[in-house]
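Working notes for the structure below.
The values are calculated or read from the model by the stated rules, or taken from the named source; none is laboratory data. Remember, predicted model here, so these are calculated numbers, not experimental data. Positions of Cβ are generated from backbone atoms using ideal geometry, with glycine treated the same way; all protein chains shown enter the neighbour counts. Keep in mind that these areas ignore ligands, DNA and RNA; they rest on the heavy atoms of the full protein, side chains included. Shrake-Rupley method; radii C 1.70, N 1.55, O 1.52, S 1.80 Å.
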Amino acid sequence: LNGWLGIPSTFSAEIMSKQDFDSITIDLQHGLTDYSIAVPMMQAMSAGDATMLCRVPWLEAGIIMKLLDAGAMGIICPMINSADEAEKFVGACKYTPLGYRSSGPVRAAIYAGADYIANANDEILAIAMIETMEAIENLDAILSTPGLDGVYIGPTDLALTMGKPPVLDPTDADVVANIEKIIDAANAKGLGAGIHCGSPEYAAKM
Ligand code: 3PY
Ligand code: MG
């Protein structure tokens, strides 16, 4: 169960960190949050035990590596539409030989210890958003990317690329069928699948 932080506030981050979520994601894509407030929000979230994730604005290695260095335990990356993009994304999250992440875990090494780099590839989560028809066409290739840990479904972008209204908690049969297709394909590869939900009821159903 993943919580979502769109408000740029250390206090709301601290409160959320105490609410029993398994993970909490700071949203730097559509939330009102940037790097300078995401870092103190992660410091505030150290009060709780939830796994701290960040959704980056786009597939760009610089911000992915800075957030991981600052203590993010995993990255959710929007709009991964091809195997090439999946490989570039995973590579930014993982050190060699799995990827090309640069060495410099300034804050991550403080929470995790001096052996951070030795264990980071096994611990850091690289989660690709599947949220377009293009991604569904390339699903098998994307999900076969070595080092990819899971997928996160963006129902509103998915609906938009299907020519449907972009609603959270969709009930449209075609949108739901595509959501099921993504979940089944991810599970068949042993990958976790998450989905963005707008209500507790829909989240429980998912
Ligand atoms: C989507 O619905 O497209 C999302 O990315 C949810 O945050
Ligand atoms: Mg989206």
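Tabulated values for the structure
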| quantity | calculated |
| --- | --- |
| Dimensionless Rg over Rh [the chain; C-alpha; Kirkwood] | 0.96 |
| Probe 1.4 Å, protein heavy atoms only - accessible area per residue of the chain in square angstrom | 46 Å² |
| Greater than 30 Å apart at Cα, pairs in LYS18/LYS205; LYS18/LYS88; LYS94/LYS164; LYS88/LYS181 | LYS18/LYS88; LYS94/LYS164 |
| Protection proxy ranking of 128-137, 30-39 - average other beta-carbon atoms within 10 Å, highest first | 128-137, 30-39 |
| Cα-centred dipole magnitude for region 88-195, charges only on beta-carbon of K, R (+1) and D, E (-1), debye, nearest 20 | 460 debye |
| Value of Rg to Rh for region 23-111 (Rh from inverse mean 1/r over Cα pairs, i.e. Kirkwood) | 0.96 |
| Contact order relative to length of region 133-187, as percent, for alpha carbon pairs under 8 angstrom and 6 or more apart | 39 percent |
| Accessible carbon and sulfur surface of the chain relative to its total accessible area, %, 1.4 Å | 55 percent |
| Translational D in µm²/s for region 106-206 (Stokes-Einstein at 10 °C, 1.306 mPa s, Kirkwood Rh from C-alpha pairs) | 106 µm²/s |
